[in-house]
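The values are calculated or read from the model by the stated rules, or taken from the named source; none is laboratory data. Being a predicted model, the structure only gives us computed values, none of them experimental. Note that we place each Cβ from the backbone using ideal geometry, even for glycine, and neighbour counts take in every protein chain shown. The accessibility values were calculated without ligands, DNA or RNA, using every heavy atom of the protein model including side chains. Shrake-Rupley method; radii C 1.70, N 1.55, O 1.52, S 1.80 Å.
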Amino acid sequence: MNEQRPFAEAETLIADMGTRARHAARALAGVATETKAKALIAAARALRSSKADILAANAEDLARSERKGLSAAMLDRLRLNDQRIDGIADALESVAKLEDPVGQVIDERERPNGLRLSRVRVPLGVVGIIYESRPNVTADAGALCLMAGNAAILRGGSEATGSNREIHACLIAGLAEAGLPEDAIQLVPTSDRAAVGAMLRASGLIDIIVPRGGKSLVQRVQDEARVPVLAHLDGICHTFVHASADPAMARDIAVNAKMRRTGICGALETLLIDRAFPEPGMLVSALIEAGCEVRGDPAIAALDSRVIAADAADWNTEYLEPIASVAMIDGADAAMEHIAEHGSGHTDAIIAEDKVAAAQFLAGVDSAIVMHNASSQFADGGEFGLGAEIGIATGRLHARGPVALEGLTTYKWIVRGSGQVRP
């Protein structure tokens, strides 16, 4: 019985939070854009005035996480300073300025019998966000959900408990100032992993789960969830350099796509080079000289003695560090076949001056984001002009690619008649 108690307590906790969130979601559905924006602007103001409290809590989180042996990369994601807090506040204000999708008419039509039909955007309802390390997700996720008319249940990682609590308090202050229900953005008050399981099983209370974190977290969510999940598992992103590619452009894009930030999901992991491209050695050398370890097939290894022989696992690996697998490919068809076999449906790009080849690639690669002559590092909601993102989705239902306000809505049909009855 004792072993089952934490989960039973978690189920009770999430059931209570979910019920309160459901009531808040109903209240939010009809709230004016100006009121939601007022809450976010007030929350941003509270963040700036609460820097001392946030930084003190963050220092405790960092000290505890260092004692537990958290990696340097994870500690960097956790760390806050004045500039980062200002950035979080700026992001809230940016979301407040975005176009409100709720109530937008997607399309309209009139039937021969006089019925007038329209599809209108409406909130999803209650969104559960499960995330690790980054305290800014508390503010970003809460803000996006609110602006799209949804209630949010946030479950942050144990390493950021204090930081998340202080940021959440600022969001609550914003809701209160705007006269909105405080249950609209709730933070799960326990780091017990049983709470995650309870959220994943909260069918009827939580409408969709968004995991933000490492592969193990996302895999668990996808394996266990009884509610819809909006996520991607891997970011095995490819860049294909076509024979027609401008060599300087290809070099600059390949190096940027891999090395600008190696730990993000849009970073290049595999570079495919057309066998007819005139300067493959230049691309390999540019990556190595930028600090990247290159693991290549035999054709690539023959170009540079610094190349390490790739094995079968390399083509299916999301490195998230300065390592890239590189292969020589016989044209666009072979590149698309390689991506279909080894890709994760996240972001794939072609570098080409040949417009026909580019069009073939853009149409033929079945990924959430497909690019032409651009770095895959642009796979980001902010860079797409969406203001922010709650995550990247690689599924084929509901939303795909960077998910921002529009992706946090669904639609309903509205039918207007004048007394019609069906014969």
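Residue by residue, here is whether (1) aliphatic (A, V, I, L, M); (2) surrounded by 14 or more Cβ atoms within 10 Å (Cβ to Cβ); (3) more than 17 Å from Ala141 (Cα to Cα); (4) modelled with pLDDT of 95 or more holds:
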| residue | (1), (2), (3), (4) |
| --- | --- |
| Phe361 | no, yes, yes, yes |
| Ala374 | yes, yes, yes, yes |
| Phe378 | no, yes, yes, yes |
| Gly382 | no, yes, no, no |
| Gly387 | no, yes, no, no |
| Ile392 | yes, yes, no, no |
| Val403 | yes, yes, no, no |
| Ile414 | yes, no, yes, yes |
| Gly417 | no, no, yes, yes |
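Suppose the filter is touching a Leu at 6+ places or on another chain (Cβ under 9 Å), acidic (Asp, Glu), more than 24 Å from Ile264 (Cβ to Cβ) and open to solvent by 50 Å² or more (accessible area, probe 1.4 Å); does Glu99 pass it? Break it down stepwise before answering.
Details: touching a Leu at 6+ places or on another chain (Cβ under 9 Å): yes; acidic (Asp, Glu): yes; more than 24 Å from Ile264 (Cβ to Cβ): yes; open to solvent by 50 Å² or more (accessible area, probe 1.4 Å): yes.
Yes: the conditions hold for Glu99.
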**Request:** Give me a count of the residues in the range 325-341 that are of a type outside the set (Gly, Ala, Ser) and either touching a strand residue (DSSP E or B) at 6+ places or on another chain (Cβ under 7 Å) or open to solvent by less than 30 Å² (accessible area, probe 1.4 Å) (or both).
**Result:** 5
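Out of Asp16, Asp61, Asp76, I need the residue that is in a helix (DSSP H, G or I) and more than 29 Å from Ala202 (Cβ to Cβ). Which one? Spell out the reasoning first.
Values: Asp16 fails: more than 29 Å from Ala202 (Cβ to Cβ); Asp61 fails: more than 29 Å from Ala202 (Cβ to Cβ).
One residue alone meets the criteria, Asp76.
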**Message:** So Gly149 passes all but one of these: (1) open to solvent by 40 Å² or more (accessible area, probe 1.4 Å); (2) assigned to a loop (DSSP other than H, G, I, E, B); (3) not β-branched (Val, Ile, Thr). Which condition number does it fail?
**Reply:** (1)
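What do you reckon, is Ala250 under 17 Å from Asp348 (Cβ atoms), assigned to a helix (DSSP H, G or I), small (Gly, Ala, Ser) and touching a residue at least 40 places away in the same chain (Cβ under 8 Å)? Quick ask: steps written out before the conclusion?
Details: under 17 Å from Asp348 (Cβ atoms): yes; assigned to a helix (DSSP H, G or I): yes; small (Gly, Ala, Ser): yes; touching a residue at least 40 places away in the same chain (Cβ under 8 Å): yes.
It is true that Ala250 is under 17 Å from Asp348 (Cβ atoms), assigned to a helix (DSSP H, G or I), small (Gly, Ala, Ser) and touching a residue at least 40 places away in the same chain (Cβ under 8 Å).
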**Prompt:** In the range 278-287, is there at least one residue being surrounded by 15 or more Cβ atoms within 10 Å (Cβ to Cβ) and of a type in the set (S, T, N, Q)?
**Reply:** yes
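Tell me, which strands (runs of 3 or more DSSP E) wholly within the range 282-398 include 3 or more residues that are touching a residue at least 24 places away in the same chain (Cβ under 8 Å)?
Working: elements: 293-296, 323-329, 347-351, 369-372, 391-393.
Once the strands (runs of 3 or more DSSP E) in the range 282-398 are filtered for at least 3 residues that are touching a residue at least 24 places away in the same chain (Cβ under 8 Å), what remains is 293-296, 323-329, 347-351, 391-393.
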**Prompt:** When only residues in the range 27-41 that are within 25 Å of the chain's Cα centre (by Cα) and either among the hydroxyl-bearing types (Ser, Thr, Tyr) or open to solvent by less than 10 Å² (accessible area, probe 1.4 Å) (or both) count, which is nearest to Ala152 (Cα to Cα)?
**Reply:** Leu28
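Could you grab me the full set of residues in the range 265-277 that are aliphatic (A, V, I, L, M) and open to solvent by 10 Å² or more (accessible area, probe 1.4 Å)? Write out each step before concluding.
Initial filter on the range 265-277 (aliphatic (A, V, I, L, M)): 267-268, 271-273, 276.
The one that is aliphatic (A, V, I, L, M) and open to solvent by 10 Å² or more (accessible area, probe 1.4 Å): Ala276.
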**Prompt:** What pairs can you find where one residue is in the range 102-117 and within 24 Å of Ala404 (Cβ to Cβ), the other is of a type in the set (Val, Ile, Thr) and open to solvent by 40 Å² or more (accessible area, probe 1.4 Å), and their Cβ atoms are less than 9 Å apart, with a gap of 6+ or different chains?
**Reply:** Val102/Thr33; Gly103/Thr33; Val105/Ile414
**Message:** Can you tell me which of (1) under 24 Å from the mean Cα position of the chain (by Cα); (2) open to solvent by less than 50 Å² (accessible area, probe 1.4 Å) is the one Ala73 doesn't meet?
**Reply:** (2)
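Which residue is nearest to Leu303 (Cα to Cα), if the candidates are limited to the range 254-283 and must be of a type in the set (Val, Ile, Thr) and in contact with a strand residue (DSSP E or B) (Cβ under 6 Å, 6 or more places away or on another chain)?
Residues of the range 254-283 that are of a type in the set (Val, Ile, Thr), as a first pass: 255, 262, 264, 270, 273.
Keeping just the survivors that are in contact with a strand residue (DSSP E or B) (Cβ under 6 Å, 6 or more places away or on another chain) gives 270, 273.
On the way: Thr270: 17, Ile273: 12 Å.
Checking each candidate, the answer is Ile273.
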**Complete:** Exception for Ala139 within (1) at pLDDT 95 or above; (2) over 21 Å from Ser94 (Cα atoms); (3) within 18 Å of the chain's Cα centre (by Cα) falls at (2)
**Prompt:** Among the residues of the range 108-122, is there at least one that is part of a loop (DSSP other than H, G, I, E, B), of a type in the set (A, V, I, L, M) and either at pLDDT 95 or above or open to solvent by less than 10 Å² (accessible area, probe 1.4 Å) (or both)?
**Reply:** yes
**Fill in**
Within the range 74-100, the count of residues that are of a type in the set (A, V, I, L, M), without any contact (Cβ under 8 Å) to a residue 40 or more places away in the chain and more than 11 Å from Arg48 (Cβ to Cβ) comes to 1
**Fill in**
Taking the range 389-423 and keeping only residues that are over 12 Å from the mean Cα position of the chain (by Cα) and of a type in the set (Gly, Ala, Ser), one is left with Gly395, Gly417, Ser418, Gly419
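Taking the range 229-250, which residues are among the aliphatic types (A, V, I, L, M) and either more than 11 Å from Ala352 (Cα to Cα) or touching a Phe, Trp or Tyr at 6+ places or on another chain (Cβ under 8 Å) (or both)?
From the range 229-250, those among the aliphatic types (A, V, I, L, M) are 229-231, 233, 236, 241, 243, 245, 248-250; that's our starting set.
Those that are among the aliphatic types (A, V, I, L, M) and either more than 11 Å from Ala352 (Cα to Cα) or touching a Phe, Trp or Tyr at 6+ places or on another chain (Cβ under 8 Å) (or both): Val229, Leu230, Ala231, Leu233, Ile236, Val241, Ala243, Ala245, Ala248, Ala250.
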**Prompt:** Within the range 133-153, how many residues turn out to be of a type outside the set (Asp, Glu) and out of contact with any strand residue (DSSP E or B) (no Cβ under 8 Å at 6 or more places or on another chain)?
**Reply:** 7
**Complete:** Reported set for the range 232-247 where residues are touching a helix residue (DSSP H, G or I) at 6+ places or on another chain (Cβ under 6 Å), of a type outside the set (Phe, Trp, Tyr) and modelled with pLDDT of 95 or more is Cys237, His238, Thr239, Val241, His242
